[in-house]
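S.K.: Here it is, the structure, as structure tokens.
Where a number appears in this text, it was derived from the coordinates with a stated rule and is not lab data. Because the structure is predicted, anything quoted here is derived from the model rather than measured. Positions of Cβ are backbone-derived with ideal geometry, glycine not excepted, and every protein chain shown enters the neighbour counts.
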Amino acid sequence: MSKLVLILNCGSSSLKFAILDPVSGDEKLSGLAEAFYLPEARIKWKIHGEKGNADLGAGAAHSEALKFIVENVLTQELKDSIVAIGHRIVHGGEKFTSSVIVTDEVAKGIEDAIQFAPLHNPAHLIGIKEAFNIFPHLKDKNVVVFDTAFHTTMPEEAYLYALPYSLYKEHGIRRYGAHGTSHYFVSREAAKRLGVAEDKVNVITCHLGNGGSVSAVRHGECIDTSMGLTPLEGLVMGTRSGDIDPAIVFYLYRNLGMSMDEVEETLVKKSGLLGLTEVTSDCRYAEDNYEKEEPARRALDVYCYRLAKYIGSYMAVIGERLDAIVFTGGIGENSAHVREITLNHLKLFGYNIDTEKNLAARFGNEGIITKDNTPIAMVIPTNEELVIARDTARLCI
């Protein structure tokens with residue numbers, strides 16, 4: 001069997017995992033362990049096309065999940081073929097502009113960026129530690145791939161806030177972005193499909209899932225993105241508010257008597273689609289009930305309006321030829337309705353959606369979704385795991 005890479009994406013209460021061939025892109029294993037620390041902790045996986053699932057036991061977490069994978073899921077052949085481990089890291093601050101092999105200094109840098117991703121970076125460090133424990137022979141073959149790295153090419157006018165400059169110089173308060181691995185992947189795939197060189201491609205990439213962000217990519221480099229210091233800025237998301245008037249925070253604190261913890265919980269966990277529907281953060285509810293229930297219509301209209309505004313603003317900053325708007329992520333790849341509403345806001349720029357093409361580009365399918373001889377919008381499924389696998393292989397195989 002080929003030399004394979006184990007991919008670990010550790011969340012605060014979950015672990016997404018995969019094993020890939022970095023050369024061919026073939027996926028040998030994929031899965032998700034979730035509900036960590038709870039009685040219903042569980043794991044599901046697919047290996048060689050066969051699906052499986054199991055309970056991990058009350059209170060199980062990252063360590064138990066990794067041990068279960070090694071002892072109960074992996075064949076001996078797969079174990080022997082794993083030659084490196086790639087870790088997804090949400091935030092690298094300004095320190096990391098590309099993927100690197102894990103060292104004590106690198107781990108310290110990830111720890112230093114916890115202030116910008118308090119839910120994610122601690123979990124990533126747990127994943128690295130557990131990988132060292134369970135795969136000690138691969139300790140010097142662990143690579144970290146940063147979601148923020150693709151965005152480090154943003155110019156100063158894009159990443160600075162209009163705050164006292166000392167806050168940036170002394171405390172690193174600036175815009176960093178997220179989902180960079182996905183934006184990088186689909187921008188490269190768009191270049192291939194459009195027959196444009198990677199260092200010449202100009203696209204606006206829309207990664208839409210429970211979290212969401214838009215990036216402006218000019219000549220293959222990110223020049224702006226919608227997320228900021230943290231993943232709270234930007235688009236309407238599943239439970240996150242995205243952009244708001246900052247003074248709302250003062251109002252909630254002073255006038256409504258909320259504590260700062262309550263304000264944070266409101267903006268991060270109770271807003272977005274959940275807040276607008278007052279029912280669920282699941283975009284499928286808003287789609288399915290768009291014509292029947294006002295909360296569903298309200299939520300989807302706000303979601304798509306905000307998305308269209310970002311796309312339109314990025315057309316201005318790209319400043320020259322735009323090759324395509326690219327939709328990706330769980331919502332971007334599967335919601336024909338979101339794409340249609342959004343592009344209808346952009347008719348001034350000539351976008352004319354093809355209903356049949358748009359409906360066909362779902363559930364793993366891809367393609368151009370606008371009519372012939374009109375500006376191009378397209379769907380490309382993302383593959384962050386493949387990017388991580390290839391970066392890992394490049395650095396240590």
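S.K.: Place a +1 charge on the Cβ of each Lys and Arg in the chain and a -1 charge on the Cβ of each Asp and Glu, then give the dipole magnitude about the Cα centre in debye, rounded to the nearest 20. All intermediate terms of the calculation are to be shown ahead of the outcome.
M.R.: On the way: 41 positive and 53 negative charges, 79 e Å.
Dipole about the Cα centre, nearest 20: 380 debye.
S.K.: Also, I was wondering about something else. Please report the orientation-averaged projected area of the chain, defined via the convex hull of its C-alpha atoms, in nm². Mind dumping the intermediate values first?
M.R.: Details: hull surface 82.8 nm².
One quarter of the hull surface, i.e. the mean projection, equals 20.7 nm².
S.K.: A further question on this structure: Can you pull the Rg over Rh of the stretch 134-175, Cα-only, Kirkwood?
M.R.: On the way: Rg = 16.6 Å, Rh = 13.1 Å.
Result: Rg/Rh = 1.27.
S.K.: As a check on your grasp of the helix formula, calculate [θ] at 222 nm for the chain: sum -39500 (n - 2.57) over DSSP H runs of n ≥ 4, divide by the residue count, round to the nearest 500.
M.R.: Values: 16 runs with 151 residues, N = 397.
Result for the chain, helices only: -11000 deg cm²/dmol.
S.K.: Where in the stretch 280-315 are there GluC sites (Glu not before Pro) that are in a DSSP coil and have at most 16 other Cβ atoms within 10 angstrom of their Cβ?
M.R.: Numbers: sites: 287, 291, 293; in loops: 291, 293.
Listed in order of number, the matching sites are 291, 293.
S.K.: Sticking with this one: Treating only the Cβ atoms of Lys and Arg (+1) and Asp and Glu (-1) as charged, compute the dipole magnitude of the stretch 296-339 about its Cα centre; round to the nearest 20 debye. Present the calculation step by step, with values, prior to reporting the outcome.
M.R.: Values: 6 positive and 4 negative charges, 52 e Å.
So the dipole magnitude of the stretch 296-339 works out to roughly 240 debye.
S.K.: With unit charges on the beta carbon (Lys/Arg positive, Asp/Glu negative), name the residue among 302, 230, 331 whose Cα is farthest towards the positive pole of the charge dipole of the stretch 223-352.
M.R.: Checked the options; the winner is 302.
S.K.: Hey, another quick one. Please report the equivalent ellipsoid semi-axes of the stretch 55-123, computed as sqrt(5 x eigenvalue) of the Cα gyration tensor, largest first, in whole Å. Could the numbers behind the result be given before it?
M.R.: Values: eigenvalues 157, 64, 13 Å².
Here the semi-axes work out to 28, 18, 8 Å.
S.K.: Then there's this: What FRET efficiency comes out for residue 133 versus residue 347 if R0 is 41 angstrom and r is the Cβ-Cβ distance? Round to the nearest 0.05.
M.R.: Values: r = 56 Å, r/R0 = 1.36.
So, using R0 = 41 Å, E works out to roughly 0.15.
S.K.: To continue, here is another question. How much of the calculated P(r) for the stretch 115-217 lies past 20 Å, in percent of all Cα pairs? Don't skip to the end; give the middle numbers.
M.R.: Working: 2952 of 5253 pairs.
So the portion of pairs separated by more than 20 Å is 56 percent.
S.K.: Regarding the stretch 80-162, what are the three Cα extents along the principal axes, ordered largest first, in Å?
M.R.: 51, 22, 18
S.K.: Okay, next question. Between residue 161 and residue 243, what is 0.36 nm times their sequence separation minus the Cα-Cα distance? Round to one decimal in nm. Kindly include the intermediate steps, with their values, before the conclusion.
M.R.: Working: separation 82, 0.36 × 82 = 29.52 nm, distance 1.36 nm.
Net length gain for the segment: 28.2 nm.
S.K.: Explain nothing, just the number: dipole magnitude of the stretch 1-154 about its Cα centre with +1 on each Lys and Arg Cβ and -1 on each Asp and Glu Cβ, in debye rounded to the nearest 20. Can you show the working numbers first?
M.R.: Details: 15 positive and 19 negative charges, 26 e Å.
Once rounded to the nearest 20, the dipole reads 120 debye.
S.K.: What is the spin-label model distance, in nm, from residue 372 to residue 2 if the labels are put 7 Å beyond Cα along the C-beta direction?
M.R.: Roughly 3.7 nm, to one decimal.
S.K.: Something else now. How would the stretch 204-256 be classified by its alpha-carbon gyration tensor: rounded, prolate or oblate, with rounded meaning a/c under 1.5 and the a/b versus b/c comparison settling the rest?
M.R.: Working: a/c = 4.31, a/b = 2.23, b/c = 1.93.
Verdict is prolate for the stretch 204-256.
S.K.: Filter the trypsin sites (Lys or Arg not before Pro) in the stretch 225-322 to those in DSSP coil with at most 16 other Cβ atoms within 10 Å of their Cβ, and list the result. Before the final figure, lay out each step's value.
M.R.: Details: sites: 240, 254, 269, 270, 284, 292, 297, 298, 306, 309, 321; in loops: 240, 270, 292, 321.
Answer by residue number: 270, 292, 321.
S.K.: Spin-label point model (7 Å from Cα, Cβ direction): what's the residue 53 to residue 251 distance in nm?
M.R.: For the pair residue 53/residue 251, the computed spacing is 4.3 nm.
S.K.: Do any chymotrypsin sites (Phe, Trp or Tyr not before Pro) in the stretch 127-227 lie in a DSSP loop with no more than 14 other beta carbon atoms within 10 Å, and if so, which?
M.R.: 161
S.K.: Past 32 Å, Cα to Cα, is the threshold; run 309/357; 3/371; 139/270; 108/200 against it and keep the listed order.
M.R.: Values: 309/357 24 Å; 3/371 43 Å; 139/270 40 Å; 108/200 36 Å.
In this structure, 3/371; 139/270; 108/200 lie more than 32 Å apart at Cα.
S.K.: Enumerate the calculated ³J(HN,Hα) couplings along the stretch 136-142 in order (Karplus 6.51 cos²θ - 1.76 cosθ + 1.60, θ = phi - 60°), each rounded to whole Hz, writing x wherever the residue is Gly or Pro.
M.R.: Once θ is set to phi - 60°, the couplings for the stretch 136-142 become x, 6, 10, 4, 8, 10, 9 Hz.
S.K.: Enumerate the calculated ³J(HN,Hα) couplings along the stretch 242-257 in order (Karplus 6.51 cos²θ - 1.76 cosθ + 1.60, θ = phi - 60°), each rounded to whole Hz, writing x wherever the residue is Gly or Pro.
M.R.: Using θ = phi - 60°, the values come out as x, 4, 9, 5, x, 5, 4, 4, 5, 5, 4, 6, 7, 8, 9, x Hz.
S.K.: HN-Hα J couplings of the stretch 122-129 from phi, Karplus 6.51/-1.76/1.60, θ = phi - 60°, integer Hz, Gly and Pro as x?
M.R.: x, 5, 4, 5, 4, x, 5, 4
S.K.: Give the Kirkwood hydrodynamic radius (Å, one decimal) of the stretch 1-79, defined as one over the mean of 1/r across all pairs of different Cα atoms.
M.R.: Details: mean 1/r = 0.0785 Å⁻¹.
Over the stretch 1-79, the inverse of the mean reciprocal pair distance is 12.7 Å.
S.K.: Mind giving me the nanometre distance, one decimal, between the label points for residue 340 and residue 321, set 7 Å out from Cα along Cα→Cβ?
M.R.: That separation, rounded to one decimal, is 3.2 nm.
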